[in-house]
1. Quick one: ranking THR54, THR162, THR32 by accessible area, 1.4 Å probe, largest first, what do you get?
2. Going toward the positive end of the dipole of the range 82-177, with +1 on Lys and Arg Cβ and -1 on Asp and Glu Cβ, which of GLY111, MET130, ALA98 do you reach last?
3. In nm, what is the difference between 0.36 nm times the number of residues separating ALA153 and SER104 and their Cα-Cα distance?
4. Run the dipole for the range 78-177 about the Cα centre, Lys and Arg Cβ at +1, Asp and Glu Cβ at -1, nothing else charged, and hand back the magnitude in debye, nearest 20.
5. Order LYS117, LYS60 by their accessible area, 1.4 angstrom probe, all chains in place, largest first.
6. Please calculate the 1.4 Å probe accessible area of MET66, with all protein chains present, and give it to the nearest 10 Å².
7. Mind listing the Cα extents of the range 53-177 along all three principal axes, in Å, largest one first?
8. Holding the Cα-Cα limit at 19 Å, pick out from LYS102/LYS131; LYS67/LYS95; LYS95/LYS117; LYS67/LYS144; LYS95/LYS131 the pairs that are longer than that.
Amino acid sequence: MAVFHPDAVGNDLGRLEAAILQLCTYLGDRKTIMPGDVDAVVGDSREWSVFELTNAVAEKNWEKAMKILDKMLREGEEPVMIVAMLARQFRILSKGLAMLQKGSPKESVAGSLRVPKSSWPSLFQQFRAMKEQDVKKALLTLEKVDRALKSSAGSPRLILETFIMQISSKLPETSAS
């Protein structure tokens, strides 16, 4: 039996159910599911979100972050909007980390940040993965990225990819980013 890769469909149960129904229809009377069957039917239909992009950055999983960014851009997400959503998420992380440092309980922190309860596991994962200096660096870099996107003739994709690499400390910061 084949197993759906979590990146293919995502965690939306409705999408997962639809993918399974499509797969059953595709198989017909066949009882064995081959990995190629799943690829043929499901492919990569997942809609990526800024939360998953932020998770990938927080986890320092740059390959996944680049994949998510690519998918978001191919789906027509505006680069300036991606930056705005990332900045919002990193501001939330900054506030939450400060509250946690002061000893506030996790539930109180998440609730005061007005994050939906369904996003709490992801938020707590980001709190564990990011240090305060990482969040500050991301916010400062995002400010430069926003300016570059709005004033530069450069490639928005390249500007965003450079941001991801800078946050990973793989590239030095530049004034152009």
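1. Final ranking, largest accessible area leading: THR32, THR162, THR54.
2. The one lying farthest along the dipole's positive direction is GLY111.
3. 13.2 nm
4. It works out to roughly 260 debye.
5. Result, largest first: LYS117, LYS60.
6. Answer for MET66: close to 50 Å² accessible.
7. 45, 29, 24
8. LYS67/LYS95; LYS67/LYS144
The values are calculated or read from the model by the stated rules, or taken from the named source; none is laboratory data. Worth saying up front: this structure is predicted, and the values here are computed from it rather than measured. Positions of Cβ are backbone-derived with ideal geometry, glycine not excepted, and every protein chain shown enters the neighbour counts. The area values use the complete protein model at the heavy-atom level, side chains included, leaving out ligands, DNA and RNA. Shrake-Rupley method; radii C 1.70, N 1.55, O 1.52, S 1.80 Å.
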